[in-house]
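Take a look at the structure below.
Read-outs throughout are calculated quantities, based only on the coordinates presented, and are distinct from any laboratory measurement. This one's a predicted model, so the numbers in the text were calculated from it and none came from an experiment. Neighbour counts run over all protein chains shown; Cβ positions are idealised from the backbone, glycine included.
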Amino acid sequence: MSSKWTRRQFVKTTGTAAGALVLGGAFAEFLAACASSSPTTSGSGSLEIFSWWTAGGEADGLAEMFKIYQQKYPGVKIVNAAVAGGAGSNAKAVLATRMQGGKPPDSFQVHAGQELISTWVKADKMEPITSIWNSEGWDSVIPKDLKTIVSKGSDVWSVPVNVHRGNALWVNLAKAGSSITPGAGNNLDAFLSALGKAKSAGIQAPLALGSKGNWQVTMLLENNIVAVGGADFYRGLFNGKSSWTDNNVKSALTYIKSMLNYVNSDHTTIDWDQAAGRVQAGTSVGTIMGDWAKGYFTANNWKPDTDFTGIASPGTEKTYMIVCDTFGLPKGAPDRDNAINWIKVCGSEAGQAAFNPKKGSIPARTDVPASIFDSIAQKFIAEFKTDSLTPSIAHGSAAPEAFASGVNDEMGQFVQKKDVNASASNIAKLADQYLK
Ligand code: GAL
């Protein structure tokens, strides 16, 4: 389908290449060595962590990291400031108000790539964490490509805690039967015909969708663009090599329009986790969602590859749509020392080993043993190493916030009006405005 994308190309697309890392790294290490003479550990006060992890799986992963922090720093009171709403649909606005008002949390969840760099770093609201990165030795355990997308200039601005796969199809194995099977899900036409069969067999909404907040439809768009145009075409949309007016974009929208014939009619009122719940209940056969859905299923006692399975979403095999959660240090963090220790836990092997199996993601660190993960995550860990990497629009890596939220709004219009030409043209206008 598409040629393999080198790690370098991934980094280029996210637009955050840290040019002077080699030279700057040595200098930063020197500075870190100077700074580390003053210990930062503090076992008192509080630690406020801001995220949108409130659903099954994601909340459990966060709780695991809190446990590890608490064991190390029992005197610190952890304040969980999570704001519900998948993909930060509510949290991001709350965070923006707090940051602008000079009331940052001690640390907050932020996606690697543009969401971090062209929002918070650009606005000069973050402290670099370069010295922590160096003193913790993360160069030897976190892939350089991930480091680069959290870097700008000669500094590193946050630590990746995981890698999620945005292009995934989850199916209820008991319901899939001859309707949706992983094999049939490998291309969009076969997938649509499987959905058609399931519907004829009496399942009204074989494809569960929770589109509250619209970002879930942006995920369908980015996945379908990869499916119809290939990973190179998709990446080209962000480096000027592909055009947003290309027919591939229209074709991706047309496939979403067809999928909408098979989704639950209340999709605009429910979020991703409720859609996952419909798959588990058997009301629907499958859902297209990031692997935080796996976290949801396992948190609800479903067994991977027994009760459900997960594969690349239709037509996107050999591509890994990257969604990378990170934590950084906002300027003016009220409990700065505690925040620094939190960042260290996030980047640690123990932290990532505790967090990721529950969260549904794979670790950012390469030394967390694959054996502690379920069979689907093990498959994803292997695929991540060889697949072509594409940055997600919906989850902040590929494009600035203004573009992502503009596309989300447009996709909200699209599910109502289903006007392929109008939406394609509006998205192309957004690209002209924000990606040039
Ligand atoms: C993403 C985030 C994931 C997951 C998901 C649903 O933006 O990166 O960690 O939480 O939203 O809330």
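Determine the gain in length on full extension of the stretch ASN247-ASN80; use 0.36 nm per residue of separation and subtract their C-alpha separation, reporting nm with one decimal. Could the numbers behind the result be given before it?
Numbers: separation 167, 0.36 × 167 = 60.12 nm, distance 4.51 nm.
Going from the current span to full extension adds 55.6 nm.
Taking H placed 1.01 Å from N in the peptide plane, check which residues at least 5 places from LEU329 or on another chain put their amide H under 5 Å from its amide H.
For LEU329, whose amide H was placed from the backbone, the distant partners under 5 Å are GLU127.
LYS241: which aspartates and glutamates have alpha carbons under 20 Å from its alpha carbon, excluding same-chain residues fewer than 8 sequence positions away?
Within reach: GLU222, ASP232, ASP432.
Which residues' amide hydrogens lie under 5 Å from the amide hydrogen of CYS324, considering only partners 5 or more residues apart or on another chain, with H built in the peptide plane?
So CYS324 has HN proximity to ALA112, HIS164.
So how much slack lies between GLU349 and LYS122, counting 0.36 nm per residue of separation and subtracting their Cα-Cα distance, in nm?
Values: separation 227, 0.36 × 227 = 81.72 nm, distance 2.98 nm.
Roughly 78.7 nm would be gained on extension.
Show me the ranking of peptides 404-413, 421-430 by mean Cβ neighbours inside 10 Å, starting with the highest. Walk me through the numbers on the way to the answer.
Numbers: 404-413: 20.3, 421-430: 17.3.
For the peptides 404-413, 421-430, the packing ranking is 404-413, 421-430.
Based on the Cβ-Cβ distance from ASP189 to THR97, what FRET efficiency comes out when R0 is 60 Å, to the nearest 0.05?
Values: r = 45 Å, r/R0 = 0.75.
Step by step, r from the Cβ atoms, then E = 0.85.
Once a ≥ b ≥ c are taken as the square roots of the eigenvalues of the Cα gyration tensor of the chain, is the result rounded (a/c under 1.5), prolate (a/b larger than b/c) or oblate (a/b not larger than b/c)? Mind showing how you got there, number by number?
Values: a/c = 1.79, a/b = 1.48, b/c = 1.21.
Prolate shape, in that a/c is at least 1.5 and a/b is the bigger ratio.
Would you list which aspartates and glutamates come within 15 Å of LYS212, measuring only between C-alpha atoms, while excluding same-chain residues fewer than 8 positions from it?
ASP266, ASP271, ASP273, ASP409, GLU410
State, as an integer percentage, the relative contact order of the chain based on alpha-carbon contacts under 8 Å between residues 6 or more apart.
Values: 887 pairs, mean separation 121.5, N = 436.
So the answer I get is 28 percent.
Kindly write out, for the stretch 95-107 in residue order, the coupling ³J(HN,Hα) from the Karplus curve 6.51 cos²θ - 1.76 cosθ + 1.60 (θ = phi - 60°), rounded to whole Hz, with x marking Gly and Pro.
So the Karplus estimates, Gly and Pro as x, are 4, 4, 4, 5, 5, 5, x, x, 10, x, x, 6, 7 Hz.
Using only helices, what value at 222 nm comes out for the chain when you add -39,500 (n - 2.57) per DSSP H run of length 4 or more and divide by the total residues, to the nearest 500 deg cm²/dmol? Don't skip to the end; give the middle numbers.
Working: 17 runs with 200 residues, N = 436.
Value at 222 nm, helices only, nearest 500: -14000 deg cm²/dmol.
With the Cα gyration tensor of the stretch 322-436 giving a ≥ b ≥ c as the square roots of its eigenvalues, does the rule (a/c under 1.5 for rounded; else a/b larger than b/c for prolate; else oblate) give rounded, prolate or oblate? Each step should come with its number before you reach the end.
Details: a/c = 2.90, a/b = 1.57, b/c = 1.85.
Oblate, because a/c is 1.5 or more while a/b does not exceed b/c.
Starting from the amide H of SER388, placed 1.01 Å from N in the peptide plane, find each other amide H under 5 Å away whose residue is 5 or more places distant or on another chain.
Distant-sequence amide H within range of SER388: TRP5, THR319, TYR320.
Taking a cut-off of 12 Å between Cα atoms, list the aspartates and glutamates near LYS175, but don't count ones fewer than 8 places away on the same chain.
ASP307
If I fit a long axis through the Cα atoms of helix 349-359 and take the longest principal axis of the Cα atoms of the chain, what angle between them do I get, 0 to 90°, rounded to 10?
Roughly 20 degrees, rounded to the nearest 10.
At R0 = 30 Å, how high is the FRET efficiency between SER46 and ASP266 if r is their beta carbon distance? Nearest 0.05 is fine.
On the way: r = 40 Å, r/R0 = 1.33.
It comes to 0.15.
Filter LYS147/LYS303; LYS197/LYS358; LYS199/LYS257; LYS92/LYS359; LYS359/LYS379; LYS103/LYS125 down to the pairs with a C-alpha to C-alpha distance above 23 Å, please.
Numbers: LYS147/LYS303 33 Å; LYS197/LYS358 34 Å; LYS199/LYS257 16 Å; LYS92/LYS359 20 Å; LYS359/LYS379 16 Å; LYS103/LYS125 11 Å.
Exceeds cut-off: LYS147/LYS303; LYS197/LYS358.
Taking a ≥ b ≥ c as the square roots of the Cα gyration tensor eigenvalues, with a/c under 1.5 meaning rounded and otherwise prolate when a/b beats b/c, else oblate, which class fits the stretch 35-174?
Details: a/c = 1.32, a/b = 1.19, b/c = 1.11.
Since a/c stays below 1.5, the shape of the stretch 35-174 is classed as rounded.
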